[in-house]
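**Q** Sharing a structure here in structure tokens format.
What follows draws every value from the coordinates through simple rules; no lab data is involved. Please read all numbers here as calculations on a predicted model, not as lab measurements.
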Amino acid sequence: MVDISLKQLYDEKYIEQGNILLYNRIYKDVKFTYECKIKDIYEKKFLVVLTSAENMEMLCNSLIDLELYILHSDIHFKDILLSTENPYDWFSIKDKDVIKGSITELKNQYVKDNTAKELGERKLYPILDPYRSKFFDKVKNNFWIQFKKFSFSYVCEALVDDKEAIIVFMDQLEEASVHLPAKFEGFPVFISYEVFQLH
């Protein structure tokens, strides 16, 4: 699965300026709880305000850097070079005293929100307007080109829940994990493992 960056979470408002970045874990029998405020997130770095250090700003390359800074605050861990586990599990986002979730949970939610859903029991209806059908020929062609690494049996346009959508009929078993975007060129994308059929 493609890794989701902090910048992507920030751009899509899963993390927002002013949110509290909460570090909460027990490390080698020592409990650490630390809060700092998100000031900005860039492509490869992020800026936080350390509320426990008279609102000093700190530019971090990664959550690992911030975690090490926090661990070094305890005299027993002054010389530690690397923590042993994924820091995304130990950092959470707090918004107005409500925990939105750990960074790991927010990344998982981002993937879920931005991945095409299965068609399931939804019905497909043809798009009868010839001009729209011609327009969708180009959209479908672009889709085939962009996602040619996937094994499709058929890609079509249809009305789903009274909205124009792209339906992708997969050429593989449902158990295989497929991550296509939730939207393509502005249209919702649905995946089906059934035989192509219009009602």
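**Q** What number, in percent, do you get for the relative contact order of the stretch 117-192 if the mean sequence gap of Cα pairs under 8 Å and at least 6 apart is divided by its residue count? Walk me through the numbers before you get to the answer.
**A** Values: 98 pairs, mean separation 26.7, N = 76.
Relative contact order for the stretch 117-192 comes out at 35 percent.
**Q** Cut-off 10 angstrom, C-alpha nodes, Gaussian network model of the chain. Which of Tyr88, Tyr14, Tyr27 fluctuates the most?
**A** In the Gaussian network model the winner is Tyr27.
**Q** Restricting to Cα pairs below 8 Å that are 6+ residues apart, what does the relative contact order work out to for the chain? Please round to a whole percent. Don't skip to the answer; put the middle values down first.
**A** On the way: 302 pairs, mean separation 30.0, N = 199.
Over the chain, the number comes to 15 percent.
**Q** Oh, and also: Taking a quarter of the surface of the convex hull around the Cα atoms of the stretch 6-113, what do you get in nm²? Walk me through the numbers before you get to the answer.
**A** Numbers: hull surface 27.5 nm².
Average of the hull's projected areas for the stretch 6-113 equals 6.9 nm².
**Q** Return the Rg/Rh value of the chain, two decimal places, where both radii are evaluated on C-alpha atoms and Rh is the Kirkwood radius.
**A** Numbers: Rg = 22.6 Å, Rh = 19.9 Å.
That ratio equals 1.13.
**Q** Around Phe187, which amide H atoms from residues at least 5 apart in sequence, or from another chain, sit under 5 Å from its own amide H, with H modelled in the peptide plane?
**A** none
**Q** Just Ile80, Ile38, Ile166 to compare: in a GNM of the chain, with alpha carbon springs under 10 Å, which one fluctuates most?
**A** Result: Ile80 has the largest fluctuation of those listed.
**Q** For the stretch 110-186, what D do you get in µm² per second when you plug the Kirkwood radius from alpha-carbon pairs into Stokes-Einstein at 4 °C and 1.567 mPa s?
**A** Working: Rh = 13.3 Å.
Translational diffusion coefficient: 97 µm²/s.
**Q** Once every DSSP H run of n ≥ 4 in the chain is given -39500 (n - 2.57) and the sum is divided by its residues, what mean residue ellipticity at 222 nm do you get, rounded to the nearest 500 deg cm²/dmol?
**A** Details: 4 runs with 43 residues, N = 199.
So the calculated ellipticity at 222 nm is -6500 deg cm²/dmol.
**Q** Follow-up. Here are some pairs, Lys44/Lys183; Lys13/Lys107; Lys44/Lys100; Lys7/Lys37; Lys28/Lys78; which of them have Cα atoms lying more than 21 Å apart in this structure? Spell out each step's value before the answer.
**A** On the way: Lys44/Lys183 26 Å; Lys13/Lys107 12 Å; Lys44/Lys100 23 Å; Lys7/Lys37 16 Å; Lys28/Lys78 13 Å.
Result: Lys44/Lys183; Lys44/Lys100 exceed 21 Å.
**Q** Can you report the principal axis dimensions of the stretch 99-146 using only the alpha carbons, biggest first, rounded to whole angstrom?
**A** 49, 27, 15
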